[in-house]
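Q: My questions all concern the structure below.
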Amino acid sequence: ARSLHDGTPPRAVVSGGEAAARRGGAAPAASAGTGLQAGLAALRGGRVGRPRSASCACQYGGRDIWHPAPEFLFGGGGGPVLDGGPYPVTAVVPVFGPVRRVT
């Protein structure tokens with residue numbers, strides 16, 4: 001798997017996914033945010049130990065509470081999980097590497 005986090009240009013990530021018949025998702029605010037970037041710098045700089053697990057949760061009522069037009073979130077082929085799910089995945093992939101298995 002290729003990642004923008006390994007320096008691969010965005011077009012190469014997309015074309016590689018297409019060639020492998022894979023879909024992708026991204027959450028730039030999660031991957032470029034100062035919190036994650038500071039954590040990655042500490043990890044790569046050896047200031048923290050090796051991460052062994054991650055837990056991701058969305059702990060609020062839902063996007064339909066604040067979004068001005070949330071209908072698209074509940075239409076066919078999507079939903080809140082597909083809308084919000086890329087954010088935590090985008091945050092943990094640069095720490096643990098490509099997703100190989102989901103339980």
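Q: When you scan the stretch 33-70, how many residues do you find that are open to solvent by less than 70 Å² (accessible area, probe 1.4 Å), without any contact (Cβ under 8 Å) to a residue 24 or more places away in the chain and not in a loop (DSSP other than H, G, I, E, B)?
A: 6
Q: Still on this structure, please answer the following. If LEU82 satisfies every condition in (1) part of a loop (DSSP other than H, G, I, E, B); (2) of a type outside the set (Ser, Thr, Tyr); (3) under 16 Å from ARG23 (Cα atoms); (4) modelled with pLDDT under 80 but one, which is the exception?
A: Status for LEU82: all satisfied but (1).
Q: Shifting gears a bit: Taking the criterion of being surrounded by fewer than 10 Cβ atoms within 10 Å (Cβ to Cβ) and farther than 25 Å from GLY33 by Cα, would at least one residue in the stretch 86-101 satisfy it?
A: Yes - at least one qualifying residue is present in the stretch 86-101.
Q: Additional query: Write out, first by first residue and then by second, each pair whose Cβ atoms fall under 9 Å of each other, whose residues are 6+ apart or on separate chains, and whose first residue, in the stretch 73-97, is over 19 Å from ALA41 (Cα atoms) while the second is at pLDDT below 80 and of a type in the set (Phe, Trp, Tyr).
A: Pairs that qualify, where the first residue is over 19 Å from ALA41 (Cα atoms) and the partner is at pLDDT below 80 and of a type in the set (Phe, Trp, Tyr), are GLY78/PHE72; PRO80/PHE74; ASP83/PHE72.
The values are calculated or read from the model by the stated rules, or taken from the named source; none is laboratory data. Keep in mind it's a predicted model, so treat the numbers as computed, not measured. FYI the Cβ positions are ideal-geometry reconstructions off the backbone, even for glycines, and counts take in every protein chain you see. Heavy atoms of the whole protein, side chains included, go into the accessibility calculation; ligands, DNA and RNA do not. Shrake-Rupley method; radii C 1.70, N 1.55, O 1.52, S 1.80 Å.
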